[in-house]
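Following: one structure in structure tokens, then a few remarks.
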Amino acid sequence: MSLVIAMTAGCGSSRGEFVSVTTPQVSNSRVIVSQPLGARSRPDITSFEVSLRDVSGSLVEAPRIFPSTSGIELRVPPATAVLEIDYLSENDSVEGTFATVIDPDLNPNITIDSPAWVDSEGVDPTVSRFALTCCNRLGCGELTDDNPSSANRAQLLADLSEIPTVDPPASHFFFAGDLVTNLDPGTDTLRSQLTAWLELFRSTPLAASSVQLVPFTGNHEVLLSRKDPVTDKFVEFPNPATLPVWTSLMGPYLRGSNGPTTAAPNPDNLTDDQSRLSYTFQSGDVFFVVLNTDTFIDDTTLGDVPLNWLSDRLDEGQSDPSVRHIFVMGHKPIVAPPGGDEPPGPGSIRAEEKSPFAGLLAGHAKVRGYLCAHAHTWDYRNLEAGTPQLIAGNAGSQVDPGFNDTGRGYYGYTLLSIHASGTVHLESWGRPIPNPYNAAVIQSATSLREKRLLN
């Protein structure tokens, strides 16, 4: 399989002629990269150096340099896993870099919009930064008496040791649910696993640092699982008894209490107080909205979001002059990644709420993206109304087959950096997935896997 990469001119100049590098075409599959510098005009950039690397980081072929005033078309060998673009000034010094993971086997037709200029700290310094990850819990078959936390300990400890060392530093570390395995009826398992998880967390460098932990609920914290006698498959249901256990144990790390409740008029039809499961808080000029994506509205519904409450909170953030950026976070994605076989509700936001949810996000200009997980993968895409959705579910749970079959899967965390200019960049950092996935020792260093502008 071959791919095509096309790059349009940037740097404030008019589009030039295409510079083509041709090889025999194997298929019609292609990658299109448009507007290499996005909206930022940089007349000092004279050329682009394009490098193609395989999953080990080795060059697939020699780097190629193209003038910045020309579009580019070149074939990409099927072994390519990462595309890098270095922005070169007149003396060939690297002034900025864009990199992204590509996978022709999983998605042969890819469009990468606006791989924008990644500024150096000297040009556009980071003014705030936070980290995100999710889904570190073990599978039910891997639980052992010597690991009462049910966490993939080696991967969790690696992340909680590295995040406090990033420079510029992160202010918050969001853990987007599925800290523990649980799913048992009642509360004994949840209480035991969360207590052990907190004991493990408090032994880490992150707990002793200035980085604030912000955990929120996933389905494994608030649901229970029963086997259907007809289908012989396990089915999840709301478990209201878990809510006071979560808020009691995790209370020191919950950053707000203004969530929806059952008080009249109760437009979201809640059956339980959610005031500390969905909430907002502000840090500097950043407004965070944390969502419980399994809000209880009856005894069976999964994947519910309190949209009326969310709409009011987004209106508040949008109208507040002290707020420059809004990030919305929840465990379940609005759109599940390719290859997911779970139906809506168990696998994502319930079908009736997908479009209204995406529309609310797109209708508020300060919203920078929806950050979520649940799927055990790392996936970036734009929702139907244009808002970016990031799935960062690769903290240590056994990854989805589509993420690992090609050797591109990894465990780690994502950093989001807000620059003085207002641009937001994300970096995905990771380590190769060991065999077994819950190996007790980390054998590989963490490295940068993907870097891009958050559209």
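The values are calculated or read from the model by the stated rules, or taken from the named source; none is laboratory data. As the structure is a prediction and not an experimental result, all values here were calculated from the model. Heads up, the Cβs are rebuilt from the backbone with ideal geometry, glycines too, and the neighbour counts pull from every protein chain shown. Surface areas here come from the heavy atoms of the whole protein model, side chains and all, with no ligands, DNA or RNA. Shrake-Rupley method; radii C 1.70, N 1.55, O 1.52, S 1.80 Å.
How big is the C-alpha Rg of segment 237-395 next to the rule-of-thumb value 2.2 N^0.38 Å, as a ratio?
Compared with the compact-globule rule of thumb, segment 237-395 sits at 1.00.
Protein chains only, probe 1.4 Å: how do 442, 349 rank by accessible area, largest first?
442, 349
Show the residues, 5+ positions off or on another chain, whose built amide H is closer than 5 Å to the amide H of residue 89.
The list, which skips near neighbours in sequence, is 46, 95.
Compare 49, 199 by solvent-accessible area with a 1.4 Å probe and give them largest first, with all protein chains kept in place.
Reading off the accessible areas and sorting them downward yields 199, 49.
So if each residue of separation counts as 0.36 nm, and I subtract the Cα-Cα distance between residue 165 and residue 300, what length gain in nm does that give? Before the final figure, lay out the partial values.
Details: separation 135, 0.36 × 135 = 48.60 nm, distance 4.30 nm.
Here the segment from residue 165 to residue 300 would lengthen by 44.3 nm.
Which ³J(HN,Hα) values, rounded to whole Hz and listed in residue order, are derived for segment 245-259 from phi using the Karplus coefficients 6.51, -1.76 and 1.60 in 6.51 cos²θ - 1.76 cosθ + 1.60 with θ = phi - 60°, glycine and proline given as x?
5, 4, 5, 6, 6, 8, x, x, 10, 8, 9, x, 8, 9, x
Fully extended, how many nm does the chain gain between residue 283 and residue 382 (0.36 nm per residue separation, minus their Cα-Cα distance)?
Full extension of this stretch gives 33.1 nm more.
Given the convex hull of the Cα atoms of segment 216-269, what is a quarter of its surface area in nm²?
So the mean shadow area of the Cα hull is 5.3 nm².
Would you mind counting up the charge near residue 269? Only other residues with Cβ under 12 Å from its Cβ, with Lys and Arg at +1 and Asp and Glu at -1.
Details: positive: none; negative: 268, 272, 298, 304.
Neighbour charge sum, excluding residue 269 itself: -4.
Kindly write out, for segment 347-362 in residue order, the coupling ³J(HN,Hα) from the Karplus curve 6.51 cos²θ - 1.76 cosθ + 1.60 (θ = phi - 60°), rounded to whole Hz, with x marking Gly and Pro.
x, 6, 4, 4, 4, 5, 9, 4, 5, x, 5, 4, x, 4, 4, 5
In straight Cα distance, which lysines are under 23 Å from residue 354, not counting same-chain residues fewer than 8 positions off?
332, 366
With all distinct Cα pairs included, what does the Kirkwood hydrodynamic radius of segment 314-422 come out to in Å, to one decimal, could you say?
Numbers: mean 1/r = 0.0669 Å⁻¹.
With all distinct Cα pairs of segment 314-422 included, I get 14.9 Å.
When the Cα centres of segment 294-340 and segment 357-420 are compared, how far apart do they sit, in Å?
Computed from Cα coordinates, the inter-centre distance equals 14 Å.
Work the Kirkwood hydrodynamic radius out for segment 217-314: mean of 1/r over every pair of different alpha-carbon atoms, inverted, in Å.
14.4
Compactness ratio of segment 377-422: Cα Rg over 2.2 N^0.38 Å, N = residue count?
1.41
For residue 212, list long-range residues whose amide hydrogen, built 1.01 Å from N in the peptide plane, is under 5 Å from its own amide hydrogen.
The list, which skips near neighbours in sequence, is 172, 173.
If you add up the charges near residue 417, with Lys and Arg at +1 and Asp and Glu at -1, over every other residue whose beta carbon is less than 9 angstrom from its beta carbon, what do you get?
Within the 9 Å Cβ shell, the charges total 0.
Kindly write out, for segment 183-195 in residue order, the coupling ³J(HN,Hα) from the Karplus curve 6.51 cos²θ - 1.76 cosθ + 1.60 (θ = phi - 60°), rounded to whole Hz, with x marking Gly and Pro.
Values, residue by residue: 6, 7, x, x, 10, 4, 5, 4, 4, 5, 5, 5, 4 Hz.
What per residue convex hull volume, in Å³, do the alpha-carbon atoms of segment 404-455 yield? Walk me through the numbers on the way to the answer.
Working: hull volume 4.5 nm³, N = 52.
For segment 404-455, the hull spanned by Cα atoms encloses 87 Å³ per residue.
Considering segment 132-213, what Rg and Dmax in Å follow from its alpha-carbon atoms?
Calculated on Cα positions, Rg and Dmax stand at 13.2, 43 Å.
What is the set of long-range amide H partners of residue 139 at a cut-off below 5 Å, with H atoms built 1.01 Å from backbone N?
398
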